[in-house]
Structure formats: structure tokens, C-alpha cells
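The values are calculated or read from the model by the stated rules, or taken from the named source; none is laboratory data. None of the values given here were measured: they were computed from a predicted structure. Cβ placement follows ideal geometry from the backbone for every residue including glycine, while neighbour counts extend to all protein chains displayed. Heavy atoms of the whole protein, side chains included, go into the accessibility calculation; ligands, DNA and RNA do not. Shrake-Rupley method; radii C 1.70, N 1.55, O 1.52, S 1.80 Å.
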Amino acid sequence: MKVNKKNSLGSALLSAAVLFCVSGCAKLGPEPESKVTSEQGQRFLAVLQASNWVVEDVQGQVIAPDQIQVERVWDGTRCRASVTNMGDTPLRLKSVVLFEVAEHGFSPDTPIYGEGFQMLYQNGGTLGQREDIGNNSDVKHYKIPDFRGLPTAYGVLNLNLTDTDNLLLGFAACERFIGRISFDAQQLLISMDTEGLVLQPGERWSLEEFVVLSGERQGDLFNELAQRINRNHPPRKVSPVATGWCSWYCYRMDVTDEIIRDNLDIFKEQVPELKFIQLDDGYQPFFGDWFDPNPEYGDVKQTIADIRAKGFEPAIWVAPFIAQKDSRVLREHPDWFVKNAHGEPLDSSTVSFGGWRYGPWYALDGTHPEVQQHFENIFRTMREEWGVNYFKLDANYWGALQGGRHYQPNASRIEAYRQGMAAVLRGCDDETVVLGCNAPIWPSFGLVTAMRTSGDIRRAWWSFKSLARQNLSRCWQNGTLWDSDPDCIVLTTDSPWNIKGDVTDNEWLFHATSIHAVGGFILSGDKAEHLHAKELGILKKLLNPTGQGARFTNTKLETGITDLGDTQYYYFFNWSDTETVDLSVSLVQLAELTDFWTDETLGRHETSYTVQQLSPRSARLIVARPVED
């Protein structure tokens, strides 16, 4: 491997920085060793390494190689890259294409999974035909353009080359720039969004680490990627995994302190095992004014005291990066906000989605020192004076809003978000639960203890199916990058959206099984008065989450396993609306099998187990325990 001295020094400094952070933040295992072993994977890796790089300016024009230089240094299947201004004038870089592959050589029908920039979107389908996972696409909803008009994944793209061969392309860091993988039936481009920032003459930027992984099961590859990410962004861990109740799916923003008290009385009697009572959106008078009273809600501090008096822990919803037009914070501190070209607070609807209520929203600038002080004060006050140590942070995407200007003029939107989140964390302590929601996924590494992994639940089959696909595609993140929040478990039909779905017993258990497979947060979303013996039985079975996400073989997400050593959980999902299916899994060991939901004993099995004639829209959860002599 050829490495020039300049790059050797940069790599050494980066490695030292990572090791320092690891020693102070978390204990990680040895550096993962990986090889691309399949014939298709080896062929593509050779094509990738031989491909050209390209740097584009803000007009999208290619910068001449005598003005710009990209260095790519491979260490096995890991690549560290840098870009240097070789000329005498500043350059505004829009994109750095690390690898430009005109002919990838894979079948257009190759199934894929790729992340979105923000939490509410994922890429599915095939190389030749992308399918949206989630209802809020990066392109259409958030106005983030696909690179060169090609379907674009952010952070990771996995290819199911065959039933037993997966190839994963991923970025193991996100400090300053977001990594992109753009694709179609022929092309594959791996690039960094450098946002038009200025690279001065002689200046060199280190870019985010990139890896190529291959193996039989996609779940194993995602787990290896997570290990590599954690070496660059040590995860924040809070134990145990949170369980509780959330007010949003019962009452939305019409929640009041009296409503919370009424539910507390019932939960204390029926489900004292719940730990957290999460007060969601609705207690604040305006988005952005988190300390101001809202007469329509009542007394927030009294609510928190009532929660504690009943033996639960309080949790609260906050959206630190946004403010609505009528908020006091925007009126009194317009200089705190991301600016437009005229130096005015940027109306987010002009560059992205403007917000789901009381829009357009304005984004607080995480690079501004006074904003950082403001963030720290919010969470320190809520923690130390209010007694709250669980924060659901919503609308975090606006902290990484594109198209604006920051207080620090050459800061990327990733840096703005990460600086803002670092300020939030200064107001927290080591036991604080920090849940990211509607957040940019890759930029949040190391900054949250938990992450929502799906959109909002509705009490209908179409929602159960959609959210299960979203959550199970991401359940590899649970227990590795953070604790995953698959959104609430709902078990009754009462809905504040007046959606009266005709939900069958099989569909309820499909939903509950998908929540269990994630292995993360368990938050009830039903009114306490509507939970009776049947619903309480299901809820209580979920209140001991595994802490690990199930691993699936491929994008079909039909069978998965959570292996806890002595005990395994096997998951079987029939996604069809009409067809029955037979589904089989290989067993880890000789075991006694039991149906998790019914406690039916299924006997001893050693090599494999098949669920026969699994009905449409249904799932099975089988527990395997070691055979006792």
C-alpha cells in the first residue's frame, strides 16, 4: 500500500483522535477484519478501486485535476480519502465523487436497501427501480435533490446479489459531510456532499471513512458496519432500555395536565411496570418557547411532580432546532437563526418542508455561540430544576437544513447540527435518555442514546405493514449505534385521527411481533382506560425488550433471529395480503420451542423449524431455550 507522508500523518492523527475518544467514551472491541470473498464482490471491488474521482464546483462543473487532488488510500476493504486545493485561488466545492463507476455490472433486478438522509425515508426496490420506504421522501418532501438525478442513498447501500451473497457499501463516519451512494441499472457513484463550502489554496480536507463489506446475511454486514461506525463515533449508552407510555397517539396536541393525571391513576393500578410517562407535543404555547406557560395545557411542572408521585419517571418532548413565526424566541433573537441570502431568518419552506403545524418553521443555528448556550440552558433547566432526564427531541432534521447560511460561514449543515446537539448534551448527564426523532440518521452518530426508526403509527394494517418494514430494515442499529424506538405499540382502535381500521387479531400480533423483533423501546400508545386483560397481556409480554435487533438474511424480511446465547427468538413474517406461506429457519442449537404469544409448547427441535401455512398478514414469534438434561 502506497501512502505519502502527508496522508500518513493525517491518518495517524485521526487514529489517535479516535483512540482517545474511545478510551474516554466507550470500550470497543478490536478493529473488525473483513474481506470481500464472493466472485461478484471481488470483481466490483476491483472496478471500484480502478474508477476515477471527480470534483464539481457550485455550478456543477468539473474542476481540473491541476487545481484539485483527491487521494484515496485503501487498507483492505476500507478507504480513507482526502481532497486538496492544489491551485492559487479558493475553490467552492459542491461535490466530491470518490468513485465514478459507469458500468457496475450487476443485474438491474438486484434488490437493494439504502438509508435516507432523514429518518422518515429509506430506499428499497432494486438497482433498476427504486421503491420508496416511508411516506416522506428526501426528494419530494424535504426537497433534497438526488445526486445527478440518480436514486441516492445516504450512508449505506446494501445489495442482495443472491440469496446467500450480500454486498454492502457504507460510510463509517459523518463528522462534516454526508456520504452518498447513487445508482441505477448501470451506474454507481459514491460521493460526498460538500455543500459549496470554500477550500482555500493548499488546504486539505479529510473525508469520511468508506467501507466495502460482503457476506451471506445482510444483518451480519450491518452489524459489522455498526462496529466500524462506533470506532469513529462512540455510542452513548443508557440502561436499561426504556419502557413507558406516550401521550401523542391518544390525545395529540390536545393533551392537558388533567388528562395525564387520569391516565396515571390507571397505569399505577394496572401496569406499574412501566418506567416513563412521556408528555408529548402540546404543553408549549409556541414551537420554540419551551419554558413559557400554556394555559390550555395547565401546569407542566405539576404534571412532572404528579408523574413522580405515582412512581413513574417523567419524559418530555422538545424540538430544540425549530421555532414558529409567532414564537417569542424568533421575535427576540432573529440573529440566532439560519439565514437566507439576504441575511434574514430562513423560511424553511423555501428550501425544504416547512413543518407539519404552524409553519413555516425557522431553524436555530447550531454554530451560533448564543444558540449553543440557549440549548444547554433548556436541557440543564429541565433536568436540574424540573426533574426530567428523558428528552424526545423532534424535528432534528431542521438542525441540518440545507440551503442556508450559518454564523460560522464555512460550517457544513452536518457540523451545524452536530455542534447544536453537542450543546444539548452539555445540559444532560450520563444517565439522560436522548431520543432523536425526525432526525438526520448518519449525522446523529454518537449524539443520541436512542433513535426513532419509523414514521408515526396508525391503527390500521397498512400502517402496521409499512412501519414494520421501516423498523425491521433498521433493527440492526438497536443495541449497537443506539437504542431503537420503533414507535408506540398500539393495541386498541381508538384514534385521535379518527382512523377506524378493521384490525384482525393476526394483524395486531404482526404489529406486536415487529416491535419485539426490534428489541428496543416499548412505549404504549393507548389510553389507559382502553387497555383490558387481552391488551395488557400483550403489552406486559413486551416489557422486557431483548436489547438487540433481530438479524435478517435479506430485504424480504421474512425470517429473522435474535440470538441471546442460551435463548433465541425466531421471527416469521407473512407480508402478503392474500397468500399463505411456509417459512423455515435454521436453529442455532437443540432447543425446546415455545410460541411466545400463546405459550404453546412446540417440542424439541435441533437443525431447523418450519412454520407451515402461515396466514396472510400474520407473524409468529418462537422462543428457543436450551434442552435441560
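A simple rule links phi to the HN-Hα coupling: the Karplus curve 6.51 cos²θ - 1.76 cosθ + 1.60 with θ = phi - 60°, which for the range 402-408 gives 7, x, x, 10, 9, 4, 8 Hz, with x for Gly and Pro.
The Cα atoms of the chain define a convex hull whose projected area, averaged across directions, is 28.4 nm².
Residues whose amide H lies under 5 Å from that of residue 53, counting only those 5 or more places away or on a different chain, are absent; hydrogens are built 1.01 Å from N in the peptide plane. Sequentially through the range 54-61, phi angles give Karplus couplings (6.51, -1.76, 1.60; θ = phi - 60°) of 8, 10, 10, 8, 5, 8, x, 8 Hz, Gly and Pro residues having no value and appearing as x. Every Cα-Cα pair in the range 48-121 was counted, and those over 20 Å apart are 49% of them. Across the range 73-163, Cα pairs under 8 Å and at least six residues apart give a relative contact order of 24 percent. The packing ranking of peptides 522-533, 258-269, highest mean first, is 522-533, 258-269, where packing means the average number of other beta carbon atoms within 10 angstrom of each residue.
Sorting the segments 285-291, 503-509 by their residues' average number of neighbouring beta-carbon atoms within 10 angstrom, most packed first, yields 285-291, 503-509. Mean sequence separation of contacting Cα pairs (under 8 Å, at least six apart), scaled by the length of the range 530-629, corresponds to a relative contact order of 27 percent.
Once the convex hull of all Cα atoms in the range 421-484 is built, its volume per residue stands at 93 Å³.
Projecting the Cα atoms of 173, 147, 218 onto the charge dipole of the range 96-222, computed from C-beta unit charges around the Cα centre, puts 147 farthest toward the positive end. Roughly what percent of Cα-Cα pairs across the range 414-537 reach past 18 Å? In whole percent, the long-distance tail amounts to 56. For residue 194, the residues whose modelled amide H falls within less than 5 Å of its own, excluding neighbours fewer than 5 places apart on the same chain, are 95, 96. Across the range 434-451, coupling constants 3J(HN,Hα) worked out from phi with the 6.51/-1.76/1.60 Karplus curve, θ = phi - 60°, read 10, 9, x, 9, 6, 10, x, 5, 5, x, 8, 4, x, 10, 10, 8, 8, 9 Hz, and Gly and Pro carry x.
Which of rounded, prolate, oblate describes the range 493-629, given a ≥ b ≥ c as roots of the alpha-carbon gyration tensor eigenvalues and a/c under 1.5 marking rounded, otherwise prolate only if a/b is larger than b/c?
It is prolate, given that a/c is not under 1.5 and a/b is the larger ratio.
The convex hull drawn around the Cα atoms of the range 151-229, when projected onto a plane and averaged over every direction, covers 6.2 nm². For residue 247, the residues whose amide H sits under 5 Å from its own are 278, 280, ignoring neighbours fewer than 5 places away on the same chain, with H placed 1.01 Å from N. Take the alpha carbon gyration tensor of the range 538-579, find the square roots of its eigenvalues, order them as a ≥ b ≥ c, and report rounded if a/c is under 1.5; if not, report prolate when a/b exceeds b/c, else oblate. Verdict is oblate for the range 538-579.
Each Lys or Arg adds one and each Asp or Glu takes one away; over the other residues whose Cβ falls under 12 Å from the Cβ of residue 512, this sums to +1. Over all Cα pairs of the range 162-284, how is the pair count split among 10 Å bins, expressed in % and running from 0 up to the last occupied bin? It works out to 10, 23, 19, 21, 21, 7, 1, in whole percents. Beyond 17 Å, the tail of the calculated P(r) for the range 83-127 holds 63 percent of the Cα pairs. Would you please name the chymotrypsin sites (Phe, Trp or Tyr not before Pro) within the range 348-415 that are DSSP coil residues with at most 11 other C-beta atoms within 10 Å of their C-beta? Filter output for the range 348-415: empty list.
On the protein heavy atoms, probe 1.4 angstrom, tell me the percent of accessible surface of the chain carried by carbon and sulfur.
Looking at the chain in its full context, I get 47 percent from C and S.
Taking the Cβ of residue 38 as the center, what net charge do the other residues with Cβ under 11 Å away carry, scoring Lys and Arg +1 and Asp and Glu -1? Summing Lys and Arg as +1 and Asp and Glu as -1 gives -1.
Based on protein heavy atoms only, the range 496-600 ends up with 42 Å² per residue of surface accessible to a 1.4 Å probe. In the chain, Cα pairs under 8 Å separated by at least six residues give a relative contact order of 12 percent.
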